[in-house]
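The structure appears below as structure tokens.
The values are calculated or read from the model by the stated rules, or taken from the named source; none is laboratory data. This is a predicted model, so every value here is computed, not measured. Note that we place each Cβ from the backbone using ideal geometry, even for glycine, and neighbour counts take in every protein chain shown. The protein model used for the area step is the full one, side chains on, heavy atoms only, and it has no ligands, DNA or RNA in it. Shrake-Rupley method; radii C 1.70, N 1.55, O 1.52, S 1.80 Å.
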Amino acid sequence: MIIRKHHKVLVQGITGKQGSFWTEKMMACGTQVVGGVNPKRAGETHVGLPVFASAREAMAAAPYDVAVMFIPPAAAKDAALDAIEAGVKLLVMLTEHIPIRDVMAVHEAARRRGTRTVGPNTAGLVTPGEAFVGIMPGHNPNVFQPGRVGVISRSGSLGTLVCLNLTRAGLGQSAFIGVGGDPMVGTTTRDALEALDRDARTQAVALVGEIGGVMEEDAADYAATMRKPVVAFIAGRAAPPGRKMGHAGAIATANRGGYASKRQALEAAGVTVVDTPGEIAEACGRGLAHGQCGAEQGSLSMEA
Amino acid sequence: MNFVEHVAKQHLLVPAGVAVPKGRLADSPAAAAEAFAEIGPCVIKAQVPTGKRGKAGGIKAADSAEAAADAARTILGMSIAGHLVDKLLVEERAEIEREFYAAVLPDTASRSPLVLFSSRGGMDVEEIAAEAPDTFRRRPVAPGERFGAAEARDMLKGLDLGGSEAEVADILTRLHRIFVESDAELVEINPLARLADGRVVALDAKFTLDDAAAFRQPDLAAVAAVENPTDLERRGAEVGLKFIQLDGNVGVLANGAGLTMTTMDVISHFGGRPANFMEIGGEAYTKSETALELVLSNPGVKSLVINFCGAFARTDVMAEGVVKAWQALKPTVPVFFSIHGTGEEEAIALVRGELGIEPYDLMEDAVKAAVEAAR
């Protein structure tokens, strides 16, 4: 789920205000957009690109690897199933507030077809110097610069802040993976961590989590096996208690999901957990410096 | 969206064929006494959309019309977890032999509905799950996958249900169907009781509708429980802003749930107390003017942090709304900005030019100054 410059991208909902705006930003960053979808405007040209009636039709005329959805919640399921049936490899679902039943149906279709999904409710994927898909300021050089730190974030705004801090610290980013703010996402924090661990350009990882769900706890299990330093910030320590899913939620997650549970799991895995987002870049810098001194003790070296 | 027990039973369980005890709604001691005359020995239960009603004193048994009226008098007007009790369910008192637990909820691990069952239900079921995990069964049912009586019986294998296996399996299939067809975020029966006469009935019911699906469940949305937000929270909801009033003194305006939570965290980290949570996500960033009015209407606010980091949200559009609200309201509380991301140059120029305020470069510094100013 790291976006590359050789990826060909289809924009579903390209003719809308946001679809048009962000398509132009993506292209300005070097993203290869091959076309868009709007059944009502098939055959037209929009922002210089062909508009198709469906993702399936687009695949036949202008093959692509990645589809990104600028589609409202009620229509999101059909658009996602269209792209999955078309055979897209990577589907990026930006839409927030898709009904859970629809989200589960999309994930099931993706599982059967072997499609990688990111989101829903993701801000997208950015690889500075190569390409970006989504609604991140991939085109803003104050925020994104090619570099060494892989960033994983559930939130777009907080992810932007962290990337900005990394750029200012001179570290830049090897890749940004927005996993999404929804409770049930196709690419988990752990999946993203594994991808960044495999990525040659990534030398350290900044993991930006939030309270709720158990993605950070699951990612901690993998972080324990990593040699690259991992720095985490978990938002929501001071948040008012949110809606609890009755007894069922607590039973299903065995009472994990809160700030303390996440912090404990990550620290036990050797991850440096910081208290404010401003400390992330500094901690990444320390982790990288330590790594370069020849310490070969994996992520435990972060304790120094 | 949450629902009170009586509505969950009558609008979801009963139509789906799940048995419930005989019951009647009452909103006065006299009505409770009348209901007793019809039902006999009964349990009187506060109808508020929250758990732990029994522990809060909102559930009482009655063996006479007078006792029913007395119980109603005590419970009506109570406040349980912030909900005012104005309705009671007067329900036939069942002779319980066994208490089970059943629920269906979305499972993030399998990305499917998860059917959850325990042969031991009732109060403190969370502790039972920790102490006696072998009484629990979990079965994810993928979308499109069959979950009929055979599958439900298979799931229950190895549990002692005192001969009620077939009835319980049947109820689980119905519960699963309710979950799928009604766009539930949660459907839970605790306890699901086997009575002395062998019937298996839902003594309680909890149903949560997926807010995102309310548009296609209008009949259910119409009977959802009315939450009791503060005036400010209600005003926020009316314009599509999720605003939660807290008891702190540092007001927070930020874009995106993640950045807002982080701003609150940093306020706490530096020894301050946030005065609100406010979610301005997605397209709502254009509503910063209204959002700021709400934050400033909170009488507890002694200072304010405005923290924007624009990705999708344009900071210049948000700053314009802030400046408008500020010029209209002329507040006297000190305000501290940090602005980055999409549109930052225009946004900073606007705040500097119109309000004469220099934004901080680091959000940590803006927060520190605001916490200091609120002291």
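Here is how the numbers come out for the structure above:
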| quantity | calculated |
| --- | --- |
| Percent accessible area from carbon and sulfur atoms, segment A:8-118, protein chains only, probe 1.4 Å | 53 percent |
| Separation in nanometres of the label points that stand 7 Å from Cα toward Cβ, at B:Ala37 and A:Asp78 | 5.6 nm |
| Accessible area (Å², per residue) of chain B, counting only protein heavy atoms and a probe of 1.4 Å | 40 Å² |
| Cα pair distances of the protein assembly as shown binned at 20 Å [whole percent] | 17, 47, 31, 5, 0 |
| Whole-Å distance, taken between Cα centres, linking segment B:4-59 and segment B:319-363 | 53 Å |
| Sequence-distant residues sharing a close amide H with A:Val33 (under 5 Å, placed H) | A:Val9 |
| Complex-versus-alone comparison for segment B:197-246, residues with a loss of 30 Å² or more in accessible area, probe 1.4 Å | B:Asp210, B:Ala212, B:Phe215, B:Arg216 |
| Listed residues B:Ala284, B:Ala16, B:Ala32, most fluctuating in chain B (Gaussian network, C-alpha, under 10 Å) | B:Ala284 |
| Residues along segment A:156-196 losing 20 Å² or more of accessible surface when the other protein chains are present rather than the chain by itself (probe 1.4 Å) | A:Ser157, A:Leu158, A:Thr160, A:Leu161, A:Leu164, A:Arg168, A:Pro183, A:Met184 |
| Under-5 Å amide H pairs with B:Asn276, H placed in peptide plane, nonlocal only | B:Leu246, B:Val252 |
| Local electrostatic count, A:Ile280, Cβ distance below 14 Å [Lys/Arg +1, Asp/Glu -1] | -2 |
| Carbon + sulfur, % of accessible area of segment B:287-353 - ligands and nucleic acids excluded, 1.4 Å | 53 percent |
| Gyration tensor verdict on segment B:315-354 (Cα atoms; rounded if a/c is under 1.5, prolate if a/b is larger than b/c, oblate otherwise) | prolate |
| Shape category assigned to segment B:96-221 from the gyration tensor of Cα positions, a/c cut at 1.5 | prolate |
| Distance between segment B:161-219 and segment A:93-148 - C-alpha centres, whole angstrom | 35 Å |
| Virtual paramagnetic centre 7 Å along Cα→Cβ of A:Asp275, amide N under 17 Å, in segment B:245-264 | B:262-264 |
| For segment A:64-72, Karplus couplings with θ = phi - 60° (6.51, -1.76, 1.60), whole Hz, Gly/Pro x | 9, 9, 10, 10, 10, 9, 9, 10, x |
| Between B and A, accessible area buried - total, square angstrom, nearest 100, 1.4 angstrom probe | 4700 Å² |
| Among A:Val179, A:Val92, A:Val51, residue whose mean-square fluctuation peaks in a GNM of chain A (springs only between Cα atoms under 10 Å) | A:Val51 |
| Shape box of chain B [Cα atoms, principal axes, largest first, Å] | 78, 50, 39 |
| Residue with peak Gaussian network fluctuation, chain B [Cα springs, cutoff 10 Å], from B:Leu355, B:Leu172, B:Leu241 | B:Leu355 |
| Two-site FRET efficiency, B:Glu92 against B:Val239, from Cβ-Cβ distance with R₀ of 41 Å, rounded to 0.05 | 0.35 |
| 13 Å beta-carbon shell around B:Ser118, net charge (K/R +1, D/E -1) | -3 |
| Förster-model FRET efficiency, 35 Å R0, B:Arg375 and B:Glu126, C-beta, rounded to 0.05 | 0.30 |
| Local net charge near A:Met59, Cβ-Cβ under 14 Å (Lys/Arg +1, Asp/Glu -1) | 0 |
| Simple label model, 7 Å out from Cα along Cβ direction - B:Asp211 to A:Glu57, nm | 3.7 nm |
| Segment B:34-76, accessible surface, carbon-and-sulfur percent (1.4 angstrom probe) | 53 percent |
| Per-selection metrics, segment B:231-374 (Cα): Rg and Dmax in Å | 13.2, 36 |
| Distribution of pairwise C-alpha distances over segment A:141-219, 10 Å bins, in % | 21, 52, 25, 2 |
| Cα-based equivalent ellipsoid of segment A:45-172: semi-axis lengths in Å, sorted from largest, via gyration tensor | 28, 17, 13 |
| Karplus-derived 3J(HN,Hα), 6.51/-1.76/1.60, for each residue of segment B:147-153, Hz, glycine and proline x | 10, x, 4, 5, 5, 5, 4 |
| R0 of 22 Å, Cβ-Cβ distance A:Glu282-B:Asp361: FRET efficiency to nearest 0.05 | 0.90 |
| Alpha-carbon radius of gyration plus Dmax, which is the widest Cα pair, for segment B:22-92 in Å | 10.7, 32 |
| Å³ per residue enclosed by the Cα convex hull of chain A | 123 Å³ |
| Whole-Å distance, taken between Cα centres, linking segment A:1-32 and segment A:190-230 | 26 Å |
| P(r) tail fraction, segment A:8-118 - alpha-carbon pairs more than 19 Å apart, % | 37 percent |
| Quotient of Cα Rg and 2.2 N^0.38 Å for segment A:120-184, N being how many residues it contains | 0.99 |
